Amino acid sequence: MSQAANHKYKISILFVDDEPTMLEVYRLVFKSLDENWDLQFAGGAQEALALMAKMPFHVIVSDMRMPGMNGAQLLTEVLRLYPRTARIILSGFAEQESVAKCVGAAHQFLLKPCDVMTLRSTLTRVMALDQLLDGDHLKVLVSRMGALPSLPSLYFRIIQELQSPSASLERLGNIVAQDPAMTAKVLQLVNSAFFGFPQKISNPAEAINFLGVNTVRSLALCIHAFSCFDQAKIPEFSFERVWNHSLRVGTFAKKIAQSEAAGQVMLDETFIAGLLHDLGKLMLATHMGLEYKQAMALRKERNIPICQAEQEVFGATHAHVGAYLLGLWGLPAPVVEAVALHHQPGLRFDQNFSPLIAVHAADALDHECSAEMEAESKTPLDVKFLADVGLADRIDDWRASFQEINQSPVGQ
């Protein structure tokens, strides 16, 4: 999925709606807005899947309520079959609970009725993010790592259980219990001083009840990602430090989003983006250990941020490398954006509050406040960026809150 600089390049978009009048609206309005968008239309899920089997699409936009297979089910299937296709779902307010259960199936959720310009700006944002991560140099770098891992089956099983009308904590606990690594990490997290639960928890279903299904779903993906890249042979690189830092950033970024009255979908996206924001470090240290050691030495020698040293050594940063994999996995666009730009938030695609803002702030504050991060290069808080989005006056509150939370380290 890429957007070429050549003006003749066509971005293919598939609109799916069982109401012919809505498809006609899309046809008339979008053709007049951008001649470089190749529009296709389907009156239902099965017709859409048949079209996708014949040709690739950059983006699919589906209504939620359709007979037979609904929009969430359709996009879950598209995620499985065509993970590089961006997925946008349109749903009414009454359907938000059902849609929220399939976070991961859609890159973006838009509330109906949605005006055409909002939808167009969303499509533009998704494609701009894809363009950022589709450079030839980044592709070559990632290709040197060999075959990249796919999404874990456990993640899909959790999503499928959540979509079930008879979903239960007991069944979710049984699914988690079948993965020893996942079980160990969930129990370690729920029993840590970071969460402060009064009694020790030893049952996965009970842990899910305390942590919440959305937290556990995010952890399933995070633990899988970390397990794929835990073979770094660099003595100076601490896998455990990255893991603990990631948990702190994910948890505090979610707290920042809560303080800004973010909705549940954004809270989930913020948490998972914080958990995975440094995934690229693991990928580079595992597959390109000697070069990553050079980057770490360069960082120390010149006292520069690690991302600057990575750029000089690899021609790309861990932020872009990690975001590239998450894009392949089909994670929501705000998650990929937060990972890609957490060191460069000024390159954001809009000024609204987003997971990017929360992850950037949480990451910078952890580097600033945590003794564990002293061995890492400092990641400064971008005060100008926060001022531009009207949040500079929130920094002192965030810093005080983070210092209080950070007294209870994760995993201890």
Placing each pseudo-label 7 Å from Cα in the direction of the beta carbon, residue 137 and residue 31 end up separated by a distance in nanometres of 4.1
The answer for segment 225-377, accessible area per residue at 1.4 Å probe in Å², is 33
Listed by chain and number, the lysines with an alpha carbon less than 26 angstrom from that of residue 200, same-chain partners under 8 positions apart left out, are 185, 254, 255
For residue 139, counting only lysines whose alpha-carbon sits under 26 Å away and dropping same-chain residues fewer than eight positions off, the answer is 8, 10, 54, 233, 281, 293
Subtracting the Cα-Cα distance of residue 397 and residue 199 from 0.36 nm times their residue separation yields 68.3 nm
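Ranking request for peptides 54-61, 296-303: highest mean number of other beta-carbon atoms within 10 Å first, then the rest in descending order.
In decreasing order of mean packing, 54-61, 296-303 become 54-61, 296-303.
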So residue 21 and residue 259, fully extended at 0.36 nm per residue minus their Cα-Cα distance, gain in nm 81.6 nm
Cβ-Cβ cut-off under 10 Å around residue 41, Lys and Arg +1, Asp and Glu -1: the net charge is -2
Taking R0 as 22 Å and r as the Cβ-Cβ distance between residue 304 and residue 145, the FRET efficiency 1/(1 + (r/R0)^6), rounded to the nearest 0.05, comes to 0.35
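Based on the alpha-carbon gyration tensor of segment 249-318, what equivalent-ellipsoid semi-axes (square roots of 5 times the eigenvalues) come out, in whole Å, largest first?
Working from the Cα gyration tensor, I get semi-axes of 31, 13, 8 Å.
The values are calculated or read from the model by the stated rules, or taken from the named source; none is laboratory data. All values reported here derive from a predicted model rather than from experimental measurement. Cβ coordinates were reconstructed from backbone atoms using ideal geometry, including for glycine residues, and neighbour counts include every protein chain displayed. Each accessible area value is taken on the protein alone, full model and side chains, heavy atoms only, with ligands, DNA and RNA left out. Shrake-Rupley method; radii C 1.70, N 1.55, O 1.52, S 1.80 Å.
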